[in-house]
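The values are calculated or read from the model by the stated rules, or taken from the named source; none is laboratory data. Predicted model, so just to flag it, every value in this text is computed and none were measured. Cβ sites come from the backbone with ideal geometry, for glycine too, and all protein chains shown count toward neighbours. We work out accessible area using only protein heavy atoms, side chains counted, and drop any ligands, DNA or RNA first. Shrake-Rupley method; radii C 1.70, N 1.55, O 1.52, S 1.80 Å.
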Amino acid sequence: MKKISILSVVLLLSCSQPKQFPEFSVHTIDHIGKNLGQTDLADIDRDGDLDWVTGEAPWSTTCRLWWWEYQGPDSWVRHEIGKADSDVGGDCADLNGDGWMDFWGGKVLFLNQKDGTFNRHEVGTIFSHDSQIGDIDGDGQPDGLANWDQYGLVWYSIPADPTEPWTEHMIMPVTGHKIHGGVAPQPFGDIDGDGNTDIVTGEAWYENLDGDGDIDICTKPWSTGDEHFYLQNLLIRPKK
């Protein structure tokens with residue numbers, strides 16, 4: 001009882017303290033590029049701190065993608081990754097299991113060569129506004145999620161060799177999910193606490209109701225009546 005009383009006092013005191021809004025200082029990383037997106041923070045060189053990734057959209061004509069090696073708040077070293085093919089979607093993750101951060105954005109996968117350079121691979125994914133990596137089917141391996149308002153919302157199972165074509169699974173075509181953005185940076189989570197991965201966007205959330213690792217759909221059309229729908233995914237996929 002004594003411990004509970006002391007804890008209660010500590011909690012009351014901590015709750016009574018005014019919360020201070022964090023202060024920020026501005027530091028310039030670089031002056032380069034236009035129509036930039038595909039942004040991410042990741043430890044590209046495995047030195048224990050976060051580096052910066054960003055690239056140009058296709059209408060910039062050059063479509064360059066870079067990463068900046070963090071050396072200090074005002075000291076960043078630019079490295080070119082390669083030619084991008086994405087709107088603004090991009091995400092870093094270790095996709096070949098070698099312990100180094102790779103980058104996927106839109107149609108292109110870049111594999112980290114462990115020396116500051118990347119190899120470019122087209123893997124059959126769509127040009128996208130959002131490209132995010134997460135374990136969608138619950139097998140402990142990374143999958144890809146892509147959104148584009150000219151195509152729809154899809155996810156990809158990634159083969160053991162990620163340079164091989166990725167397998168596309170349609171979650172909702174553009175006729176039912178037409179949204180510009182609203183997916184990145186964190187669309188994954190167990191929203192209903194059932195242990196399955198759900199997907200949240202700016203328009204709807206998609207629930208894995210039956211626990212089979214496939215994404216089922218709960219949705220309500222924006223412009224029609226009061227009906228709500230559950231679409232069970234009956235897809236049977238080969239194991240990776």
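Brief remarks follow.
- Any hit, the stretch 61-71, residues being touching a Cys at 6+ places or on another chain (Cβ under 8 Å), of a type in the set (A, V, I, L, M) and within 13 Å of PHE110 (Cβ to Cβ): no
- Within the stretch 106-129, the set of residues being of a type in the set (S, T, N, Q) and at pLDDT below 95 comprises just one member, SER128.
- Residue match in the stretch 52-61 (condition: farther than 13 Å from VAL88 by Cα and either open to solvent by less than 60 Å² (accessible area, probe 1.4 Å) or within 21 Å of the chain's Cα centre (by Cα) (or both)): yes
- Enumeration of residues in the stretch 131-148 that are under 14 Å from the mean Cα position of the chain (by Cα), open to solvent by 10 Å² or more (accessible area, probe 1.4 Å) and not aromatic (Phe, Trp, Tyr): GLN132, ILE133, GLY134, ASP135, PRO142
Listed here are the residues, each with its yes/no results for (1) farther than 22 Å from PHE188 by Cβ; (2) modelled with pLDDT under 95; (3) in contact with a strand residue (DSSP E or B) (Cβ under 9 Å, 6 or more places away or on another chain); (4) in a strand (DSSP E or B).
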{"position": "GLN38", "(1), (2), (3), (4)": "no, yes, yes, yes"}
{"position": "GLY55", "(1), (2), (3), (4)": "yes, yes, yes, yes"}
{"position": "TYR70", "(1), (2), (3), (4)": "yes, yes, yes, yes"}
{"position": "ASP85", "(1), (2), (3), (4)": "yes, yes, yes, no"}
{"position": "LEU95", "(1), (2), (3), (4)": "no, no, yes, no"}
{"position": "ASP98", "(1), (2), (3), (4)": "yes, no, yes, no"}
{"position": "TRP104", "(1), (2), (3), (4)": "no, no, yes, yes"}
{"position": "ILE133", "(1), (2), (3), (4)": "no, yes, yes, yes"}
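- For the stretch 156-189, the candidate set comprises residues that are within 20 Å of HIS129 (Cβ to Cβ) and among the charged types (D, E, K, R); within that set, the residue that is modelled with the highest pLDDT is GLU168.
- PRO185 farther than 20 Å from LEU50 by Cβ, assigned to a loop (DSSP other than H, G, I, E, B) and open to solvent by 20 Å² or more (accessible area, probe 1.4 Å): no
- When residues of the stretch 157-171 are limited to those that are touching a residue at least 24 places away in the same chain (Cβ under 8 Å) and open to solvent by 20 Å² or more (accessible area, probe 1.4 Å), the one farthest from ASN96 (Cα to Cα): GLU168
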